[in-house]
Every structure is written in C-alpha cells, then in structure tokens.
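Beneath this line is the structure, given in structure tokens, with notes to follow.
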Amino acid sequence: CLGGNMQVPGSYGNYVKMQSAVSATGDGTSLACFDVSFGYFNFATMQVTGITTATITFEANIDGTNWVAILVKNLNTGVEATTTTANGLFRVQCTGLMNIRARISSWSSGATTVTGIATS
C-alpha cells in the first residue's frame, strides 16, 4: 500500500509516504488526519529512516494552509519534541487536526524517508 485509506482489523487508517528517500530540504506529502467518510483519526504515527545529517520538523494545520510546529513523542525514548535528527517512531494525537507533515527543514546528507499512518 503506497498511500490512501486502508482497513485494519478493528480500525481504519490513512497511510502515506510523507518523504521518500529525499536528499534535500522540502515539505513532502502531508498526512490527512480527517476522512470525509470516517471523520477524525485519533493518532498519527510516523517512521523516520535514512537520516544521516538532517532535521525533520513536525507540523500540522487545521485550515489546510498555515503550518504550525507540533510536539510529537519519540516512541523509543518517550521524549516529546517538534523536531528530530534521528531515525525512529514518532506519535502524535491528531484529533482535531486536518493535516500533518514531516518537513525536512535542514539537510546535509542522507536519503530520508518518512512513512506515516493515521489511525482510529
């Protein structure tokens, strides 16, 4: 599944490649936290791989236009932050948000991939 809605037993989710082996700064593809058929998803989980020397800034909006940095929880360390410079799994409660993105705000090396899923 490369993107779109998917049925998970006992749940419903939206899955998207937010960044795909990117070697530059850039906004990437946003992860929708709302589906017209389903409503709001409860959580978004993102997996970051391939970081060498880069910073990812996690951002969200409710109007589809104006992005604001958000705290995400590193599932390995339990630390909450708006950015990461390391691979890992990151989660945020997304009820009430329209979109989330993992913007590569600085880059020096590496091919970074971010995969995200919003679930009920």
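The values are calculated or read from the model by the stated rules, or taken from the named source; none is laboratory data. This one's a predicted model, so the numbers in the text were calculated from it and none came from an experiment. Cβ atoms come from the backbone with ideal geometry, glycine included; neighbour counts cover every protein chain shown. Just so you know, the surface numbers come from the protein's heavy atoms only, side chains and all, with ligands and any DNA or RNA stripped out. Shrake-Rupley method; radii C 1.70, N 1.55, O 1.52, S 1.80 Å.
Specify which of the listed residues (VAL92, VAL68) is among the β-branched types (Val, Ile, Thr) and surrounded by 14 or more Cβ atoms within 10 Å (Cβ to Cβ). Result: VAL92 is the single residue among VAL92, VAL68 that is among the β-branched types (Val, Ile, Thr) and surrounded by 14 or more Cβ atoms within 10 Å (Cβ to Cβ). Among the residues of region 93-120, the ones that are within 9 Å of the chain's Cα centre (by Cα) and of a type in the set (A, V, I, L, M, F, W, C) come to 5 in all.
Exactly one residue among GLY28, GLY50 is open to solvent by 20 Å² or more (accessible area, probe 1.4 Å), closer than 19 Å to GLY110 by Cβ and under 12 Å from the mean Cα position of the chain (by Cα), and that residue is GLY28. Of the residues making up region 31-47, those that are within 15 Å of the chain's Cα centre (by Cα), open to solvent by 50 Å² or more (accessible area, probe 1.4 Å) and closer than 16 Å to LEU97 by Cα number 3.
Only one entry in ALA86, ALA60 is of a type outside the set (S, T, N, Q), within 20 Å of VAL22 (Cβ to Cβ) and part of a loop (DSSP other than H, G, I, E, B), namely ALA86.
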